[in-house]
Amino acid sequence: MSLEKPAVPPASRSSLSTTEGNATSGLASVDGESDQGGRVRDAIQVRSGAAMSTVERSDFRTQRAESGVPAFTPDGPVLRVGAKTWWESTGLDRSMAAAGWTWITADDAGRARWLASIRPVALVFIAGNRTFRWQALEAIRDRTGAPVAVMTDEPEEVVSLIDAGVDLVVPSTEPCETLLARLSGAIRNADARRVPGVRYLRANDLVVDLWTQQCSRCGNPISLSPTEYRLLTFLMTRSAVTTSTGAIIDRVWQQPPADSRNALCIVVNRLRHKLGDDPRNPAFIASVRGSGYRFIANVAEVADSLVDHDARLDLTPLFDSLAWFAQQLATAHSTSDAAEVLADALDRAGIADGMALFRNEGTRMRLVTARRLSDAWLESVADGVPLDPSFASAQSVLTGEVVQFADVRAVKERFRSTVRRLSSESFRACHFVPITRGPQTWGHLGLARHSASPLDATTMAYLRALSAEFLLRPEDGRRAGHDAAQLASGRQ
């Protein structure tokens, strides 16, 4: 898989909680891990074509056995709202990292509101003075269904916080070990229905809503029988994989009919007819002689929003992010510079825990920049990634389509090379966007999250716009020629 580690400007590189932006922008960078807690920092040279760029990587060796902290690990980051220096001073960074927890940090209510809207989180933890606590609570309460914990040393405030919907109130004197235990309990007790997951399966103009069990093509509804629906969703969740007739029969029918193979053939033909899929030149379901069937179109797993985006999500920060990116891109004098600007924009938006940008060079993809990916992963892509469809990144480049899935562990049959490269990482949901210029694909952008929560349609549209904007900059040679011409004219 191609997930790169985009670099940050020297002052903030490898710092996952920079304080860029302000309350009005609603943008923040990601805090994946802290520089505290026994992490070892070292600089790594990552080859990017002919150039070399330095990327910092911090490795943390967990000491769960010695620390005595709970073994529970949330399936998603904790959103910590408050000054980064305060979180570090409490020692909570060390305890959370030792327990395998991940987090994102917002140091003001505006950024907290944005991150709570755009990222599925396991818990929101607020700390600060009384005014700040209530501002932060008001900002995020209608943006997330995650449990909320507040730290306060004012006993008279506890009842008001609970009445306002806070799930857990803790004092600042709470030891880190017991604090994590209490936070774990709040997360466990949260209503599981609050956690967003995959809602849509999308293949070109075909969309299946897994929640309502409805199907449409080009926006037109398609009426499917329960058997047809089970067949379609089963094949779509195993796209590009040949599935035997026996495996399909076992999945589609709880009690297979007497002539199950003939029954499957009939259902496949009915489904193809409803989808408008020509079996002689299929766009979706292909027959594999002597084996079974394969869903041949690329399928993206798309999340439902944690909140109703149309009604509640203020898209202004995304537009502001695109404007900021365009302004910064104008100052980029090389592909490497432009890649860092792209990575900074994504960090500010806070939509992913790991990211990478690759450029196509012949039959391989070469890493340009990456962030928050392990040394082992960086080593594994040092010589490039082949354009082999067993890599999800390569599949996005070869097809020119987005590849997205909620859990990398569930795609080992489709993308075995991606799974192998990420086996030692803690990422689950992955997203790959091809970066195209006309009919040609320049490269791709890969993003990953620790949680099994794929990106929703709004965020996917933002990434497509960001990728398209990235290629609006002049090519390095054209820019160099322009700069040389400018310099020459200035000397005359």
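The values are calculated or read from the model by the stated rules, or taken from the named source; none is laboratory data. This one's a predicted model, so the numbers in the text were calculated from it and none came from an experiment. Neighbour counts run over all protein chains shown; Cβ positions are idealised from the backbone, glycine included.
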Region 101-113 residues that are in contact (Cβ under 8 Å) with a residue 60 or more places away in the chain and closer than 10 Å to ARG80 by Cα, paired with ones that are buried (at least 24 other Cβ atoms within 10 Å of the Cβ) and among the aromatic types (Phe, Trp, Tyr) (beta carbon under 6 Å, 6 or more apart): none
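Consider ILE126 carefully, then state whether it is more than 20 Å from ALA303 (Cα to Cα) and either at pLDDT below 85 or crowded, with 24+ Cβ neighbours inside 10 Å (or both).
On the way: more than 20 Å from ALA303 (Cα to Cα): yes; either at pLDDT below 85 or crowded, with 24+ Cβ neighbours inside 10 Å (or both): yes.
Answer is yes for this residue.
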Residue within region 353-365 that is outside the structural domain of PRO74 (by TED's automatic domain parsing) and part of a helix (DSSP H, G or I) present: no
Residues satisfying the stated conditions in region 139-165, i.e. assigned to a helix (DSSP H, G or I) and either closer than 20 Å to ARG111 by Cα or not assigned by TED's automatic domain parsing to the domain that holds ILE187 (or both): ALA139, ILE140
Flag if ALA339 is in a helix (DSSP H, G or I) and touching a strand residue (DSSP E or B) at 6+ places or on another chain (Cβ under 8 Å): yes
Test result for VAL150, at pLDDT 85 or above and under 29 Å from the mean Cα position of the chain (by Cα): yes
Conditions (1) in contact (Cβ under 8 Å) with a residue 40 or more places away in the chain; (2) surrounded by 18 or more Cβ atoms within 10 Å (Cβ to Cβ); (3) more than 28 Å from the chain's Cα centre (by Cα); number of the one not met by GLU177: (2)
Criterion violated by ARG111 - all others in (1) over 30 Å from LEU463 (Cα atoms); (2) assigned to a helix (DSSP H, G or I) satisfied: (1)
Filter result (assigned to a helix (DSSP H, G or I), crowded, with 16+ Cβ neighbours inside 10 Å and of a type outside the set (D, E, K, R)) within region 216-251: THR227, TYR229, LEU231, LEU232, THR233, PHE234, LEU235, MET236, THR245, ILE248, ILE249
First in region 333-361 and touching a residue at least 60 places away in the same chain (Cβ under 8 Å) and at positive phi, second anywhere and crowded, with 24+ Cβ neighbours inside 10 Å and part of a helix (DSSP H, G or I), Cβ under 7 Å, 6 or more apart: GLY350/LEU115; GLY350/ILE118
Failed criterion for ALA136 (all others in (1) among the hydrophobic types (A, V, I, L, M, F, W, C); (2) in a helix (DSSP H, G or I); (3) surrounded by fewer than 24 Cβ atoms within 10 Å (Cβ to Cβ); (4) touching a strand residue (DSSP E or B) at 6+ places or on another chain (Cβ under 6 Å) hold): (3)
Lone unmet requirement of (1) closer than 16 Å to THR212 by Cα; (2) under 32 Å from the mean Cα position of the chain (by Cα) for ALA240: (1)
Within region 255-304, considering residues that are in contact with a helix residue (DSSP H, G or I) (Cβ under 7 Å, 6 or more places away or on another chain) and among the small types (Gly, Ala, Ser), the one nearest to SER216 (Cα to Cα): GLY292
Boolean, ARG64 is of a type in the set (Lys, Arg), surrounded by fewer than 22 Cβ atoms within 10 Å (Cβ to Cβ) and either touching a helix residue (DSSP H, G or I) at 6+ places or on another chain (Cβ under 9 Å) or modelled with pLDDT under 60 (or both): yes
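Considering region 190-209 alone, what residues qualify as being among the small types (Gly, Ala, Ser) and either at pLDDT below 85 or touching an Asp or Glu at 6+ places or on another chain (Cβ under 8 Å) (or both)? Show your work before the answer.
At the first step, the residues of region 190-209 found to be among the small types (Gly, Ala, Ser) are 190, 192, 197, 203.
Matches in region 190-209: ALA190, ALA192, GLY197.
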Filter result (among the hydroxyl-bearing types (Ser, Thr, Tyr) and part of a helix (DSSP H, G or I)) within region 378-417: SER380, SER393, SER396, THR399, SER417
Condition check for ARG371: basic (Lys, Arg), surrounded by 24 or more Cβ atoms within 10 Å (Cβ to Cβ) and not assigned by TED's automatic domain parsing to the domain that holds ARG111: yes
